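Asker: Structure provided below as structure tokens; questions to follow.
The values are calculated or read from the model by the stated rules, or taken from the named source; none is laboratory data. This structure is a prediction, so every number in the text was calculated from the model and none was measured. Here Cβ is always computed from backbone atoms with ideal geometry, including for glycine, and neighbour counts include all displayed protein chains. Accessible surface is based on the protein model in full, side chains and every heavy atom, while ligands, DNA and RNA are left aside. Shrake-Rupley method; radii C 1.70, N 1.55, O 1.52, S 1.80 Å.
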Amino acid sequence: FSVDFLTFKPYGEIFYNDPRISKVIEVERKSLRNFKNLIDFSKTLKKYDLIVDLQVNLRSILITKLAKVKTVRYEKNSVRRRLVLYFKGLKRKQLFVPKMYCTAVEKVLKRAENCFPKIFLDEQEVKRIKDKLNLGKFAVIVPGAKWKEKIYPYFGEVAKLFKSKGLEVVVLGGKEDEEVCKSVESVCGGINLCGKLSLRESASVMKLASVVVSNDSAGVHLAR
């Protein structure tokens, strides 16, 4: 198989240097907000023999239907994922998202050897970040999240705890997280890199860290 990977900008950069992927296709999210653009974009996918849908939302279903290409989708388990919040007896380990993604791969290959995610960072880009930070042992805090309800309210206390243990604190996030990142920085006097790094640079910072603490957001997935 030759595999191309389709995603929104800027997430495509996460897959640069990935030897498993032939081509990374990056699309602006706003370019797919109307039906005509969905139709036009679906035509660019007609050359493929197979589409693996790891989104399974209205947009991805429409695009694949319009492209008329054989498609397999992962088992999203939307209802179960919501029920587990209210019924703790349900086994969460069965909802490990990378393994759920692999259900789509298994439909094609009848096997999925390794479902653990990996980002391929080269030594030079990690070294550049290491030289730029010039730190000893440090902890990373990623306090932002898309939904306010998902933001842990005591990251400032966590930062002070790290400081008391001799760890410097580095705060990461996107430009949209500036307010919450500044609130953590103000408590601990840490290094606030919010909105100053690319995704790959943020991943390099995490790779160098002793520990990463994050909400259930992009930060925790990058760290993993």
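Asker: Could you grab me the full set of residues in the stretch 73-88 that are of a type outside the set (Phe, Trp, Tyr) and open to solvent by 50 Å² or more (accessible area, probe 1.4 Å)?
Answerer: Step one: filter the stretch 73-88 for residues of a type outside the set (Phe, Trp, Tyr), giving 73, 75-85, 88.
73, 75, 76, 77, 79, 80, 81, 82, 83, 85, 88 - these are the residues of the stretch 73-88 that are of a type outside the set (Phe, Trp, Tyr) and open to solvent by 50 Å² or more (accessible area, probe 1.4 Å).
Asker: Determine, yes or no, whether residue 16 is open to solvent by less than 60 Å² (accessible area, probe 1.4 Å) and at pLDDT 90 or above.
Answerer: So residue 16 does not fit the description; no.
Asker: Right, residue 194: open to solvent by less than 80 Å² (accessible area, probe 1.4 Å), in a loop (DSSP other than H, G, I, E, B), at negative phi and touching a strand residue (DSSP E or B) at 6+ places or on another chain (Cβ under 8 Å) or not?
Answerer: yes
Asker: Sticking with this one: Can you tell me which of 187, 180, 213 is modelled with pLDDT under 95, aliphatic (A, V, I, L, M) and crowded, with 19+ Cβ neighbours inside 10 Å?
Answerer: 180
Asker: When you scan the stretch 197-224, how many residues do you find that are assigned to a loop (DSSP other than H, G, I, E, B), more than 16 Å from residue 129 (Cα to Cα) and aliphatic (A, V, I, L, M)?
Answerer: Final tally of qualifying residues: 0.
Asker: So which helices (runs of 4 or more DSSP H) stay within the stretch 46-159 end to end and still have 1 or more residues that are under 22 Å from the mean Cα position of the chain (by Cα) and under 30 Å from residue 191 (Cα atoms)?
Answerer: Numbers: elements: 58-67, 78-83, 97-109, 123-133.
The helices (runs of 4 or more DSSP H) meeting that bar are 123-133.
Asker: State yes or no: is residue 183 of a type in the set (S, T, N, Q), without any contact (Cβ under 8 Å) to a residue 40 or more places away in the chain and part of a helix (DSSP H, G or I)?
Answerer: The answer is no for residue 183.
Asker: Between residues in the stretch 72-88 that are among the aromatic types (Phe, Trp, Tyr) and residues that are not in a strand (DSSP E or B), which pairs lie under 8 Å by C-beta distance while being six or more apart or on different chains?
Answerer: Between residues of the stretch 72-88 that are among the aromatic types (Phe, Trp, Tyr) and residues that are not in a strand (DSSP E or B), the close pairs are 74/54; 74/56; 74/100; 74/101; 74/102; 74/103; 74/104.
Asker: Can you name the number of the only condition in (1) closer than 21 Å to residue 13 by Cβ; (2) surrounded by fewer than 19 Cβ atoms within 10 Å (Cβ to Cβ) that residue 114 fails?
Answerer: (1)
Asker: Give the number of residues within the stretch 1-24 that are within 19 Å of residue 42 (Cα to Cα) and either touching a residue at least 60 places away in the same chain (Cβ under 8 Å) or of a type in the set (Asp, Glu) (or both).
Answerer: The total comes to 1.
Here is a yes/no grid of residues against (1) farther than 14 Å from residue 139 by Cβ; (2) in contact with a helix residue (DSSP H, G or I) (Cβ under 6 Å, 6 or more places away or on another chain); (3) not hydrophobic (A, V, I, L, M, F, W, C):
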position	(1), (2), (3)
154	yes, no, yes
169	no, yes, no
184	no, yes, no
191	no, no, no
196	yes, no, yes
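Asker: Oh, and also: Residue check, residue 90 against (1) touching a helix residue (DSSP H, G or I) at 6+ places or on another chain (Cβ under 7 Å); (2) within 21 Å of residue 221 (Cα to Cα); (3) aliphatic (A, V, I, L, M), all met but one. Which one?
Answerer: All conditions are met except number (2).
Asker: Could you count how many residues in the stretch 125-147 are without any contact (Cβ under 8 Å) to a residue 40 or more places away in the chain and either open to solvent by less than 30 Å² (accessible area, probe 1.4 Å) or touching a Leu at 6+ places or on another chain (Cβ under 7 Å) (or both)?
Answerer: Count: 0.
Asker: Go through 65, 70, 23, 99 for me and flag whichever is in contact with a Cys (Cβ under 9 Å, 6 or more places away or on another chain), among the charged types (D, E, K, R) and surrounded by 10 or more Cβ atoms within 10 Å (Cβ to Cβ).
Answerer: The conditions single out 99.
Asker: Something else now. Scan the stretch 160-180 residue by residue and report those that are assigned to a helix (DSSP H, G or I), under 20 Å from residue 206 (Cβ atoms), of a type outside the set (Val, Ile, Thr) and in contact (Cβ under 8 Å) with a residue 12 or more places away in the chain.
Answerer: 162, 163, 175, 176, 177, 178
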